[in-house]
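Colleague: Input: one structure, supplied below.
The values are calculated or read from the model by the stated rules, or taken from the named source; none is laboratory data. Every value quoted in this text rests on a predicted model; they were computed, and no experiment measured them. Every residue, glycine as well, gets a Cβ built from its backbone with ideal geometry; the counts of neighbours run over all protein chains shown. Please note that ligands, DNA and RNA were not included when accessible areas were found on the heavy atoms of the full protein model with its side chains. Shrake-Rupley method; radii C 1.70, N 1.55, O 1.52, S 1.80 Å.
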Amino acid sequence: MKEAVLIVEDEDKIARLLEMELSYEGYEVARASTGREGLALGLSGTWSVILLDIMLPELSGTEVLRRFRQTDEVTPVILLTARDAVPDKVSGLDSGANDYITKPFEIEEVLARIRACIRNRRIGEPAGQTDAQEEFPEISIGDLTIVPLMRKVTRGRDSIELTPKEYELLVYLMENRNQVLTREQIISKVWGYDFVGDTNVIDVYIRYLRKKVDYPYTRKLIHTHRGVGYSIRETEE
Ligand code: CA
């Protein structure tokens, strides 16, 4: 089944660019150019992701989002905001946006955010409803395995219990196994692009994760790259 993206954007040039790129990437795309039309389309269809501009005629994006969330709390919404529009971001957060993209944007960034929204949604979905099994097979490194569909983590024969944040962090490391991930990458993917706060939170969670995933075992999988970040990989020793 194709993933469907709704673009709510009154600037024709931007909307057309998004439509073209997303269609090219294999998404089903629909467009609305006013807030009212966007809200109606948003509520009447099933969307993988909604891209919602904030400055819209008739109804602002923030208002569209507020009304949309009264009915639909699940569909991911990514707001398109003007550069440095901090008040927009704050009120958008309050009304339930999943992410933000600041204009002018790189199309690659938009695509990455859309993929992240779809991935996060899938992780939270119950089993048996999608083709997720096919797209999200087990991820393993050494004797550590994640079964994303069941949110199951095992090492050898041991089943490992993780909190949701620990799990997300581990999934991100595992999806990018054998690569060094910078603290900035980890923060933006696991805590969200607009995370404001101390990046030491990563070290804290890596410690939690190690305690469960590495400390009890001889072979360590999570590695620190001083001054850079972390990786998960199997070493020779
Ligand atoms: Ca606009």
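Colleague: Could you look through the stretch 1-49, keep only residues that are in a strand (DSSP E or B), open to solvent by 10 Å² or more (accessible area, probe 1.4 Å) and touching a Gly at 6+ places or on another chain (Cβ under 8 Å), and pick out the one that is farthest from E109 (Cα to Cα)?
Modeller: If we take residues in the stretch 1-49 being in a strand (DSSP E or B), open to solvent by 10 Å² or more (accessible area, probe 1.4 Å) and touching a Gly at 6+ places or on another chain (Cβ under 8 Å), then A30 is farthest from E109 (Cα to Cα).
Colleague: Out of (1) farther than 26 Å from E109 by Cα; (2) open to solvent by 40 Å² or more (accessible area, probe 1.4 Å), what's the single condition that is false for L221?
Modeller: (2)
Colleague: Inspect the stretch 160-183 for any residue being assigned to a loop (DSSP other than H, G, I, E, B), on the phi > 0 side of the Ramachandran plot, open to solvent by less than 90 Å² (accessible area, probe 1.4 Å) and out of contact with any strand residue (DSSP E or B) (no Cβ under 9 Å at 6 or more places or on another chain) and give the result as yes or no.
Modeller: no
Colleague: Could you list all residues from the stretch 22-62 that are within 16 Å of the ligand (Cβ to nearest atom), at pLDDT below 95 and over 23 Å from the mean Cα position of the chain (by Cα)?
Modeller: Within the stretch 22-62, M55, L56, P57, E58, L59, S60 qualify.
Colleague: Quick one: V90 ticks every box in (1) under 23 Å from V190 (Cα atoms); (2) of a type in the set (A, V, I, L, M); (3) modelled with pLDDT of 90 or more except a single one, so which number is it?
Modeller: (3)
Colleague: Going by the structure shown, is L6 touching a residue at least 40 places away in the same chain (Cβ under 8 Å), within 11 Å of the ligand (Cβ to nearest atom), within 20 Å of the chain's Cα centre (by Cα) and under 16 Å from L80 (Cα atoms)?
Modeller: Spelling it out, it is not the case that L6 is touching a residue at least 40 places away in the same chain (Cβ under 8 Å), within 11 Å of the ligand (Cβ to nearest atom), within 20 Å of the chain's Cα centre (by Cα) and under 16 Å from L80 (Cα atoms).
Colleague: Which members of the stretch 50-68 meet the condition of being of a type in the set (D, E, K, R) and either within 17 Å of R121 (Cβ to Cβ) or part of a helix (DSSP H, G or I) (or both)?
Modeller: Result: E63, R66, R67.
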